[in-house]
Amino acid sequence: MSKSPDPLQSQPTIKAIVAMAENRVIGANGTLPWHLPGDLKFFKQTTMGGVLVMGRKTFDSIGRPLPGRETIVISRTMQSIPGIRVVDGIEAVLEWQTDKTVWVVGGAEIYRQMLPFCSELLVTRVSLSVAGDTFFPSFEDCFERVGLLAETPQFRIEHYRRTQDLPPALPK
Ligand SMILES: NC(=O)c1ccc[n+]([C@@H]2O[C@H](COP(=O)([O-])OP(=O)(O)OC[C@H]3O[C@@H](n4cnc5c(N)ncnc54)[C@H](OP(=O)(O)O)[C@@H]3O)[C@@H](O)[C@H]2O)c1
């Protein structure tokens, strides 16, 4: 039986996960400017079983749906392909009805639009300052650090929680 949308249903739990350099770089030439297997393992463990939301350029850089997770790609140009749900704006994500955690996984365009709706943020601080063309937006005004989840010579992983209430509904 198909469920009709419940207008009173709240938004899903939305969190963001990112790896950024000391100079806030997150990408270069459509890819990650580092190779950190330990961080990729953390990303996999953390997001497993959840829903991944990404921009079309980030999907292009990954090139396939990641196993064990639903993938939603935000795009105005991409055609649906097996294993991927394509939506044409963030509204469809905010209205998504799911019990799973929705993970915003980039890139910068999608972080910028979705961070206002995220309750938590996991930031891998990469111990590098690298050349790049894609940067993580400012988030420090709206989130506070609540934990340090891992620390290695190459990176540390910080847990942030939103300090202000989430918006009650989509801005019109
Ligand atoms: N370090 C990290 O943790 C991390 C994580 C993710 C990505 N990255 C890096 O970030 C870079 C990509 O980021 P990016 O900011 O250039 O691109 P992006 O956010 O991945 O994708 C941008 C695309 O998303 C679609 N889009 C964005 N907003 C939309 C909206 N409101 N409605 C409909 N479609 C929308 C458009 O696709 P169409 O053009 O198809 O319409 C747009 O061209 C890459 O270098 C990647 O490796 C780094």
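Annotations
- What you get for region 14-162, charging only the Cβ of Lys and Arg (+1) and of Asp and Glu (-1), is a dipole of about 320 debye around the Cα centre.
- Sorted by Cβ density within 10 Å, fewest first, the residues 35, 159: 35, 159
- Rounded tilt (10° steps) of 37-47 against the dominant C-alpha axis of the chain: 20
- Sorted largest first, extent of the chain alpha carbons per principal axis (Å): 52, 36, 28
- Region 62-134 shape via C-alpha gyration tensor axes, a/c threshold 1.5: prolate
- Residues in region 154-160 carry Karplus couplings, in order, of 8, 6, 9, 10, 10, 10, 10 Hz; the curve used is 6.51 cos²θ - 1.76 cosθ + 1.60 with θ = phi - 60°, and Gly or Pro positions show x.
- Cβ-to-Cβ counts within 10 Å put 114, 48 in ascending order as 48, 114, the fewest first.
- Sequence of 160, 111 once ranked by neighbouring C-beta atoms within 10 Å, starting from the fewest: 160, 111
Computed from the coordinates by the stated procedures, all read-outs in this text should not be read as laboratory data. As the structure is a prediction and not an experimental result, all values here were calculated from the model. All Cβ positions, even for glycine, are placed from backbone atoms using ideal geometry, and neighbour counts span all protein chains on display.
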